[in-house]
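A short write-up of the structure that comes next.
The values are calculated or read from the model by the stated rules, or taken from the named source; none is laboratory data. Everything numeric in this text was worked out from a predicted model, so none of it was measured. Don't worry about glycine lacking a Cβ; one is built from the backbone with ideal geometry, like all the others, and counts go over all protein chains shown. The accessibility values were calculated without ligands, DNA or RNA, using every heavy atom of the protein model including side chains. Shrake-Rupley method; radii C 1.70, N 1.55, O 1.52, S 1.80 Å.
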Amino acid sequence: MAASDVSVTPYWEVTFDADGDVDTGQRDRLLDGVVRRGVADLVVFAHGWNSDRSGATGLYSRFFAPFPALAPSARLGYAGVLWPSMRFSDEPIPDFTPVPALAAARPALDKRTRNALLEVFPGRAALVERIARLLELRPDEDASLEEFGRLVRLLVEAPPQGPQGAFTADTLAEGVPEDTPGMLCGDTAGVCAEFAAALAEVEAAGAAAEAPADVSAAGPPGVMTGAAVPGPQVWDGARELLRQATYFAMKRRAGTVGERGLGRLLGRLAEEAPDVRVHLVGHSFGARLVSFALRGLPRGVRTVKSVTLLQAAFSHYAFAARLPHDPRASGVLNGQQKRIDGPLVCCHSRHDSALGTIYPLASRLAGDARTVRGLSVDGLLGAKWGALGYGGIRAVPGTRSFPLSAALAGRLPTSGCVNVDASAVVRRGGAPSGAHSDICHQELARIVLAAGQVV
């Protein structure tokens with residue numbers, strides 16, 4: 001989809017590279033257009049993992065579509081952030097792309113996924129082809145899995161940019177180092193077996209949700225049972241290892257683009273249009289991007305009036321001053337919500353299996369490659385390694401929580417951290433990601449407008 005086909009106007013796109021450098025032509029058109037068009041409230045949306053510009057633009061068009069009718073008197077403008085990220089082709093996007101059968105999608109890499117990997121990791125074609133070949137052949141030898149792990153590490157390794165690169169209390173607070181994930185430095189076969197078990201669990205949960213089941217015979221949700229995983233299925237876990245290693249690279253990149261790119265752009269916007277009220281929206285890793293933009297804001301800038309995080313794919317302790325499991329450490333974004341002249345709203349859903357099951361496991365294995373079987377995702381594992389988009393903001397005193405219906409019926413807090421349980425609408429999607437991308441709902445558009453007090 002072209003920018004000119006987006007459902008709302010005025011709309012601008014702003015492209016950043018992996019280092020946070022902005023397309024200056026697009027930047028200037030945005031700055032000039034906001035002033036010339038008399039925009040009072042600018043909604044800036046950052047996508048999560050998308051394989052191309054068309055996918056991101058399509059998301060923005062669908063999400064923004066209800067806004068004009070919901071706020072007919074507002075002088076709204078819209079901006080879509082484009083940054084080099086990707087998604088695997090078997091990740092369903094409700095109402096947007098067909099959802100392939102999971103069994104047919106794993107473990108080999110299709111052409112679209114290979115091309116996406118080459119786009120976000122340029123110059124590594126030989127690595128991608130060898131990784132794809134191993135996933136196609138599925139050799140029985142453990143040595144092949146170890147080779148696979150080494151190749152994936154070579155694919156995603158890159159010198160971290162800026163303060164994210166330091167292995168400090170901030171990075172530990174998220175449960176993962178910002179350099180090479182530990183999952184790529186240990187026993188690859190064991191890590192792949194863990195991911196294979198988690199994927200089987202997600203599929204089983206999805207099947208149970210779609211068909212009647214004998215509840216009395218079922219175990220508790222979100223538990224790594226430790227059952228033996230047949231050899232060929234380990235390659236399903238190997239594909240998931242590639243996916244998660246790629247996502248850790250994208251997660252690091254999102255922070256860089258937010259702090260070095262979008263934060264600085266918002267500073268320029270505040271200089272040239274100080275009366276424009278900015279409302280940041282981010283999905284998945286895009287939620288991390290807009291959150292790190294707060295850290296990149298120039299001192300004294302108070303034009304960001306709201307931030308809404310949709311299925312945010314980073315630690316639920318990111319904004320905490322003290323971590324429950326380590327009171328000496330703080331979250332990587334500790335106190336950054338105070339840079340907002342309004343609320344930080346976190347929309348989350350229990351139907352997001354990407355964040356409810358896979359994310360805490362991947363986070364645990366990223367920091368420590370030892371196995372984690374026997375830990376409940378909703379218990380110790382989820383508590384320590386959980387994501388904002390699954391359970392909301394944690395360990396920030398004063399955070400208020402609402403079900404979606406109450407948030408829509410009443411008035412949202414005008415400052416501080418706010419959790420909104422959006423499970424009532426964010427609920428559709430197949431394995432492995434569940435409802436992670438089911439975000440284009442009028443109810444969520446209303447939350448964005450309510451957070452920014454846009455009427």
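Of all residues in the stretch 31-67, which are over 25 Å from the mean Cα position of the chain (by Cα) and open to solvent by less than 60 Å² (accessible area, probe 1.4 Å)?
Of everything in the stretch 31-67, those that are over 25 Å from the mean Cα position of the chain (by Cα) and open to solvent by less than 60 Å² (accessible area, probe 1.4 Å) turn out to be L31, G33, V34, G38, V39, A40.
Looking only at the stretch 386-405, how many residues end up being surrounded by 21 or more Cβ atoms within 10 Å (Cβ to Cβ) and assigned to a helix (DSSP H, G or I)?
5
Scan the stretch 154-183 for residues that are surrounded by 18 or more Cβ atoms within 10 Å (Cβ to Cβ) and at pLDDT 80 or above and report the count.
The qualifying residues number 3.
Could you run through the stretch 68-84 and say how many residues are farther than 27 Å from G255 by Cα, among the hydroxyl-bearing types (S, T, Y) and open to solvent by less than 10 Å² (accessible area, probe 1.4 Å)?
Of the residues in that region, 0 qualify.
Give the residues of the stretch 406-436 that are of a type in the set (A, V, I, L, M, F, W, C), buried (at least 24 other Cβ atoms within 10 Å of the Cβ) and either in a loop (DSSP other than H, G, I, E, B) or modelled with pLDDT under 95 (or both), sorted by residue number.
The answer is A422, V426, A431, A435.
Report yes if T399 is closer than 30 Å to A74 by Cα, among the polar types (S, T, N, Q) and free of Cβ contacts under 8 Å to residues at least 40 places away in the same chain, otherwise no.
Judged against the criteria, T399 is a match.
Report yes if some residue within the stretch 386-405 is modelled with pLDDT of 80 or more, farther than 19 Å from A320 by Cα and among the aliphatic types (A, V, I, L, M); otherwise report no.
Within the stretch 386-405 (the criterion being modelled with pLDDT of 80 or more, farther than 19 Å from A320 by Cα and among the aliphatic types (A, V, I, L, M)), the answer is yes, since at least one residue qualifies.
Matching residues to (1) under 30 Å from G434 (Cβ atoms); (2) of a type in the set (S, T, N, Q); (3) touching a helix residue (DSSP H, G or I) at 6+ places or on another chain (Cβ under 6 Å):
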residue	(1), (2), (3)
A273	no, no, yes
V281	yes, no, yes
R288	yes, no, yes
A293	yes, no, yes
A312	yes, no, yes
A320	yes, no, no
R339	no, no, yes
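Would you mind telling me which numbered condition in (1) assigned to a helix (DSSP H, G or I); (2) open to solvent by less than 70 Å² (accessible area, probe 1.4 Å); (3) modelled with pLDDT of 85 or more R150 fails?
Here R150 meets the rest and fails (2).
Take the stretch 264-290 and flag every residue that is assigned to a helix (DSSP H, G or I) and closer than 19 Å to G331 by Cα.
Those that are assigned to a helix (DSSP H, G or I) and closer than 19 Å to G331 by Cα: F285, G286, A287, R288, L289, V290.
Is it true that G20 is out of contact with any Ser or Thr (no Cβ under 9 Å at 6 or more places or on another chain) and of a type in the set (G, A, S)?
It is false that G20 is out of contact with any Ser or Thr (no Cβ under 9 Å at 6 or more places or on another chain) and of a type in the set (G, A, S).
Checking the structure you have, find out if any residue of the stretch 29-51 is at pLDDT below 95, over 30 Å from W235 (Cα atoms) and out of contact with any His (no Cβ under 6 Å at 6 or more places or on another chain).
No, that holds for no residue.
Condition check ((1) open to solvent by 20 Å² or more (accessible area, probe 1.4 Å); (2) within 25 Å of A366 (Cβ to Cβ)) across all residues:
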position: G296; (1), (2): no, yes
position: G300; (1), (2): yes, no
position: L310; (1), (2): no, yes
position: A321; (1), (2): yes, yes
position: R328; (1), (2): yes, yes
position: L333; (1), (2): no, yes
position: Q336; (1), (2): yes, yes
position: I340; (1), (2): no, no
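Go through (1) in contact (Cβ under 8 Å) with a residue 60 or more places away in the chain; (2) open to solvent by 10 Å² or more (accessible area, probe 1.4 Å) for G261 and report which single condition fails.
In the conditions (1) in contact (Cβ under 8 Å) with a residue 60 or more places away in the chain; (2) open to solvent by 10 Å² or more (accessible area, probe 1.4 Å), G261 misses (2) alone.
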